[in-house]
Amino acid sequence: MLRKRLYAARFACWELHLFLDTHPNNRDAARKLEEYQGKAAKLQKEFEEKFGPIGETAQNTSRWAWISDPWPWEKEGN
């Protein structure tokens with residue numbers, strides 16, 4: 001569920017970027033974009049704290065972190 005919320009926030013960011021390409025002076029859309037970027041960052045941080053990096057561009061991770069870190073089902077609480 002957390003991943004779906006993250007992807008929804010990222011999708012909203014993408015759509016707002018596209019909208020702002022054709023409406024660059026729309027302040028409401030620019031504010032919404034900032035809001036959704038913050039939500040996406042918060043959700044990504046929460047996801048990565050619980051399950052590990054969501055992609056190779058995750059902060060503070062090496063490209064090979066997935067090999068040495070425990071798998072999601074090896075973590076406590078799963």
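Does any residue of region 14-37 turn out to be modelled with pLDDT of 75 or more, within 11 Å of the chain's Cα centre (by Cα) and loosely packed, with under 14 Cβ neighbours inside 10 Å?
The answer is no; no qualifying residue exists.
Exactly one of (1) open to solvent by less than 90 Å² (accessible area, probe 1.4 Å); (2) modelled with pLDDT of 95 or more; (3) not polar (S, T, N, Q) is unmet by ALA58. Its number?
Only one criterion is unmet by ALA58, namely (2).
Within region 12-54, take every residue that is touching a residue at least 40 places away in the same chain (Cβ under 8 Å) and among the charged types (D, E, K, R) and give me the one that is farthest from SER68 (Cα to Cα).
Filtering region 12-54 for residues that are touching a residue at least 40 places away in the same chain (Cβ under 8 Å) and among the charged types (D, E, K, R), the one farthest from SER68 (Cα to Cα) comes out as GLU46.
The values are calculated or read from the model by the stated rules, or taken from the named source; none is laboratory data. Keep in mind it's a predicted model, so treat the numbers as computed, not measured. Note: ideal-geometry Cβ built from the backbone for every residue, glycine included; neighbour counts use all protein chains shown. Side chains are part of the model used for accessible areas, which takes the heavy atoms of the whole protein and leaves out ligands, DNA and RNA. Shrake-Rupley method; radii C 1.70, N 1.55, O 1.52, S 1.80 Å.
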